[in-house]
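Enquirer: Next up is a structure, given as structure tokens.
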Amino acid sequence: MQLYERIPNNVNLAEDKRLQRALENWLPNYLDWWREMGPEGFQEKEVYLRTAVSVHPEGWAHFDYVKMPDYRWGIFLKPAVQDAKVGFGDNTGQPAYQEVPGEFRNSLRRIIVTQGDTEPASVEQQRELGKTCPSLYDLRNLFQVNVEEGRHLWAMVYLLHRYFGRDGRDEAEGLLQRRSGDSDKPRILEAFNQPCDDWLNFFCFTTFTDRDGKFQLAALAESGFEPLARTCQFMLTEEAHHLFVGETGVGRVVKRTSQLMKETKNGTNEEARSLGAIPLDIIQKYINFWFSYSLDLFGGEISSNSADFFAAGLKGRYKEQAQYTDHAVTNETFSLSVVEDGQLKQREVPMRNALNEVLRGEYVKDCERAMTRWNKFIADEGVNEKLYLPSTRFHRHVGEFAGHTFDTRGNLITQAEFEQRRNEWLPTLEDREYVRSLMHPVTEPGQIANWIAPPASGIKGKPFEFEYVRL
Ligand SMILES: [Fe+2]
Ligand SMILES: [Fe+2]
């Protein structure tokens, strides 16, 4: 098979024999990982998937049936712009880095490995879900997300092999060795070690955790290390579909619950539950869980790393070029809340040290938009309830609020109070078991599980009834 057939790319792989050999050695290990940890039970099935075949805005994707192990995981970077410059930080205006500057080598490697680790982790978290799909349409979307996370791993591994020599090779192997939730070799970030074993978890994960991915990639898409920036710019085009899957997925669950509530005598969650709906209060708890874990992914509110990465021109702000004029950010400060002597207080910190919090703020705004759309589904059915985002202080394990306990409105409370009310706010074992009890596979084309509404339209102009996976 031709090289381009095995590894589609726009990085001139054929010209770089050393890199080609490295990636060809890595490929079988990757495939072993995919067969062991990828979607369980569907490896030989034909799935209607999109494959990235170029970076042209028109037609970068090709749609066809493919067996997942035969998916053509490729390496695509947005084309280089002429005379690219470092866009922010202490070296603003200098030529963008085409190779890894020695003094930033460790920082860059850490950024790339941390991003890279999330990609296979999510595939591992989701590997059992195919067995309980609510429809063929959803099954196909799950697999689309999975193969693209695989491609994102390829994207990061390309950078490691191409720019980091021997340590890059070792890190690329490490990415295939850690396992989500494993006590000895866990994935690096905690959200990626949480089980994602029912479809409400999956839709919340793709809404909230993939959305963290969008914002991390967007910040790295501004990077002065040009190969990283161009890699992330292209990954963002795929990521948009993952967010779509999550947001419309939760939206369809919310819509179906609201419809079933309306069908009952008193329109309550309990009655809807007796009709097989996922009650809104359980959906709310899942939101609380995944939103809070995803907030942790942005890192500490006050962070010298964020300041260093920005100063070095490695990781910018969201839409750094489009949304800001001052790219040095040396004089500004940022006011944020911290816990001091058992009380919430405001503190001013240099803006550069608050950039994790600034990015998290952009993320929260984006999540609010999803909430608004979900609440519209509820209102459209005439149901008088609302879902909400908890406070960003609620249930945090990283940063200023870790080690303290807050209610969902962000009030500081005692650990004992938190434990007393935990079951109101976070999914209980019983909630999870109930949701799991609804998860039965529906695999007839055009059919759908009772707990979720069908999508507004199909994929790539195909109807919902299309045979998206040939079982
Ligand atoms: Fe990804
Ligand atoms: Fe994703």
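The values are calculated or read from the model by the stated rules, or taken from the named source; none is laboratory data. Computed from a predicted model, the values in this text were never measured in an experiment. Note that we place each Cβ from the backbone using ideal geometry, even for glycine, and neighbour counts take in every protein chain shown. We work out accessible area using only protein heavy atoms, side chains counted, and drop any ligands, DNA or RNA first. Shrake-Rupley method; radii C 1.70, N 1.55, O 1.52, S 1.80 Å.
Enquirer: Quick one: count up the residues across segment 61-80 that are touching a helix residue (DSSP H, G or I) at 6+ places or on another chain (Cβ under 9 Å) and without any contact (Cβ under 8 Å) to a residue 12 or more places away in the chain.
Expert: Of segment 61-80, the ones touching a helix residue (DSSP H, G or I) at 6+ places or on another chain (Cβ under 9 Å) are 61, 66, 68-69, 71-80.
Of the ones still in play, those that are also without any contact (Cβ under 8 Å) to a residue 12 or more places away in the chain are 61.
Qualifying residue count, segment 61-80: 1.
Enquirer: Somewhere in segment 169-190, is a residue within 13 Å of ligand 2 (Cβ to nearest atom) and touching a Ser or Thr at 6+ places or on another chain (Cβ under 6 Å)?
Expert: Scanning segment 169-190, I find no residue that is within 13 Å of ligand 2 (Cβ to nearest atom) and touching a Ser or Thr at 6+ places or on another chain (Cβ under 6 Å), so the answer is no.
Enquirer: For segment 79-88, check the following and say yes or no: at least one residue is among the acidic types (Asp, Glu), open to solvent by 40 Å² or more (accessible area, probe 1.4 Å), in a loop (DSSP other than H, G, I, E, B) and more than 27 Å from Arg140 (Cβ to Cβ). Full working, then the answer.
Expert: To start, the set of residues in segment 79-88 that are among the acidic types (Asp, Glu) comprises 83.
Of the ones still in play, those that are also open to solvent by 40 Å² or more (accessible area, probe 1.4 Å) are 83.
Filter again for in a loop (DSSP other than H, G, I, E, B), leaving 83.
Filter once more, so that each one left must be more than 27 Å from Arg140 (Cβ to Cβ): 83.
Looking for residues that are among the acidic types (Asp, Glu), open to solvent by 40 Å² or more (accessible area, probe 1.4 Å), in a loop (DSSP other than H, G, I, E, B) and more than 27 Å from Arg140 (Cβ to Cβ), one finds at least one in segment 79-88, hence yes.
Enquirer: When you look at Lys285, is it surrounded by fewer than 16 Cβ atoms within 10 Å (Cβ to Cβ) and in a helix (DSSP H, G or I), yes or no?
Expert: Values: surrounded by fewer than 16 Cβ atoms within 10 Å (Cβ to Cβ): no; in a helix (DSSP H, G or I): yes.
Criteria not met by Lys285.
Enquirer: I've got another one for you. For Asp296, are the conditions met, namely being modelled with pLDDT of 95 or more, open to solvent by less than 10 Å² (accessible area, probe 1.4 Å), away from ligand 1 (no atom under 16 Å from the Cβ) and of a type in the set (D, E, K, R)?
Expert: Working: modelled with pLDDT of 95 or more: yes; open to solvent by less than 10 Å² (accessible area, probe 1.4 Å): no; away from ligand 1 (no atom under 16 Å from the Cβ): yes; of a type in the set (D, E, K, R): yes.
No; evaluated as a whole, the condition is false for this residue.
Enquirer: Now, a different point. Just checking, which of Glu99, Glu24, Glu36, Glu15 is open to solvent by 30 Å² or more (accessible area, probe 1.4 Å), under 19 Å from Glu226 (Cβ atoms) and free of Cβ contacts under 8 Å to residues at least 40 places away in the same chain?
Expert: Working: Glu99 fails: free of Cβ contacts under 8 Å to residues at least 40 places away in the same chain; Glu24 fails: under 19 Å from Glu226 (Cβ atoms); Glu36 fails: under 19 Å from Glu226 (Cβ atoms).
When all the criteria are applied, what remains is Glu15.
Enquirer: If you don't mind, another one. Looking only at segment 124-131, decide whether some residue is open to solvent by 10 Å² or more (accessible area, probe 1.4 Å), closer than 18 Å to Gly249 by Cα and in a helix (DSSP H, G or I).
Expert: Yes, segment 124-131 contains a residue that is open to solvent by 10 Å² or more (accessible area, probe 1.4 Å), closer than 18 Å to Gly249 by Cα and in a helix (DSSP H, G or I).
Enquirer: If you don't mind, another one. Being touching a residue at least 40 places away in the same chain (Cβ under 8 Å) and among the hydroxyl-bearing types (Ser, Thr, Tyr) is the filter; apply it to segment 429-471 and report the residue that is most open to solvent (accessible area, probe 1.4 Å).
Expert: Filtering segment 429-471 for residues that are touching a residue at least 40 places away in the same chain (Cβ under 8 Å) and among the hydroxyl-bearing types (Ser, Thr, Tyr), the one most open to solvent (accessible area, probe 1.4 Å) comes out as Thr443.
Enquirer: Among the residues of segment 309-334, which ones are of a type in the set (A, V, I, L, M), outside any loop (DSSP other than H, G, I, E, B) and closer than 20 Å to Val100 by Cα?
Expert: From segment 309-334, those of a type in the set (A, V, I, L, M) are 311-312, 314, 322, 328-329; that's our starting set.
Remaining after also requiring outside any loop (DSSP other than H, G, I, E, B): 311, 322.
Answer for segment 309-334, where residues must be of a type in the set (A, V, I, L, M), outside any loop (DSSP other than H, G, I, E, B) and closer than 20 Å to Val100 by Cα: just Ala311.
Enquirer: Quick one: would you say Arg409 is of a type in the set (Lys, Arg) and in contact (Cβ under 8 Å) with a residue 60 or more places away in the chain? It would help to see each step written out before you state the result.
Expert: Numbers: of a type in the set (Lys, Arg): yes; in contact (Cβ under 8 Å) with a residue 60 or more places away in the chain: no.
Taking the combined requirement at face value, the residue does not satisfy it.
Enquirer: May I ask you to list the residues in segment 132-167 that are in a helix (DSSP H, G or I), within 30 Å of Asp197 (Cβ to Cβ), of a type outside the set (A, V, I, L, M, F, W, C) and more than 14 Å from ligand 1 (Cβ to nearest atom)?
Expert: Result: Thr132, Tyr137, Asp138, Arg140, Asn141.
Enquirer: Give the residues of segment 367-403 that are aliphatic (A, V, I, L, M) and either in a loop (DSSP other than H, G, I, E, B) or open to solvent by less than 30 Å² (accessible area, probe 1.4 Å) (or both), sorted by residue number. Reasoning before the result, please.
Expert: Start the filter on segment 367-403 by keeping residues that are aliphatic (A, V, I, L, M), which leaves 370-371, 378-379, 383, 387, 389, 398, 402.
Selection gives Ala370, Met371, Ile378, Val383, Leu387, Leu389, Val398, Ala402.
Enquirer: Here is a follow-up. Which of the residues belonging to segment 177-209 are part of a helix (DSSP H, G or I), open to solvent by 10 Å² or more (accessible area, probe 1.4 Å) and within 16 Å of ligand 1 (Cβ to nearest atom)? Full working, then the answer.
Expert: Keep residues of segment 177-209 that are part of a helix (DSSP H, G or I), which gives 177, 190-193, 199-209.
Still in the list and also open to solvent by 10 Å² or more (accessible area, probe 1.4 Å): 177, 190, 192-193.
The one that is part of a helix (DSSP H, G or I), open to solvent by 10 Å² or more (accessible area, probe 1.4 Å) and within 16 Å of ligand 1 (Cβ to nearest atom): Phe192.
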